[in-house]
Amino acid sequence: MRKPFRKLAVVIGAATVAIVFATAPATAAPTTWTVGPSSPETFSALSTNTVLDLNGIPLICPTATAGGGLFSATGNPAHVGDISSAAFGSASAPCTSPVGPVEPLADTAPAWQLTATGYDAATGTTTGYIAGVKAGLTVLTCSFDVTGEVNATYTNSTGVLTVSNSTRLLTVVNASAGCAGIAAVGDHPTFNGDFTVVTPAGGTAHPTLVGTA
């Protein structure tokens, strides 16, 4: 007599779990994005650790800068800012690689788009990506162009924008004859770096970006 009751208890328990999961509210994706302390706002950003890795060859820039504008927006994904200028390396701190000096040239016309998709209120962190990335690079006799997107994470408390290629792709779209062994069309380099963002451009305060449903 005990087995039927035991089976009934299992069935009831499973049904209860199913009901709980079915009725649990889903977390709504943010659709309203608010830039602070004001919107629209200009910004500038500085990194000291950007690395483009291509076929195991790290192209390292000890300094990189970016600038543009931020603005509140609605939707998901949401276009919350533009990068209208970017530069990698400088005369005093040039970009380098194991095979020789690197000369990157960012193409920000049209502007690269800062796009927000997720927000963690507990940490004040926005996740998303940067779209429309275009740049040309020269390494010795090799010249190639890269286009695509990079993942981006911004934390309000630190003002740090972290970029990577965890899921988004950059692609080599053309390469000169001197690129054998360095770059080929269709290659997917990875780009990593941490940019400290301040607002207004040249200021000292960090902008904030908050997403709400």
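The values are calculated or read from the model by the stated rules, or taken from the named source; none is laboratory data. Bear in mind the structure is a predicted one, so any value in this text is a computation, not a measurement. So basically every Cβ, Gly included, is an ideal-geometry build from the backbone, and we count neighbours across all protein chains shown. To get the accessible areas, we keep the full protein, side chains included, count just its heavy atoms, and leave off ligands, DNA and RNA. Shrake-Rupley method; radii C 1.70, N 1.55, O 1.52, S 1.80 Å.
Below are the figures for this structure:
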item	result
Residues of the stretch 116-213: accessible area per residue with a 1.4 Å probe, Å²	43
Charge context of residue 87, other residues only, Cβ under 12 angstrom, K/R +1, D/E -1	-2
Solvent-accessible ranking of 188, 206, largest area first, probe 1.4 Å	188, 206
The stretch 97-212 - percent relative contact order, Cα under 8 Å, separation 6 or more	22
Furthest towards positive pole of dipole, 90, 37, 65, structure part the chain, Cβ charges	37
Lys, Arg +1 and Asp, Glu -1 on Cβ, resulting dipole of the chain about Cα centre, debye, nearest 20	1340
Residue of 40, 98, 200 that the Gaussian network model of the chain assigns the largest fluctuation, springs spanning Cα pairs under 10 Å	98
Computed over the chain: relative contact order in percent, which uses C-alpha pairs under 8 Å that are six or more apart	22
Accessible surface of the chain, 1.4 Å probe, proportion on carbon and sulfur as whole %	64
Per principal axis, descending, Cα span of the chain in whole Å	84, 45, 25
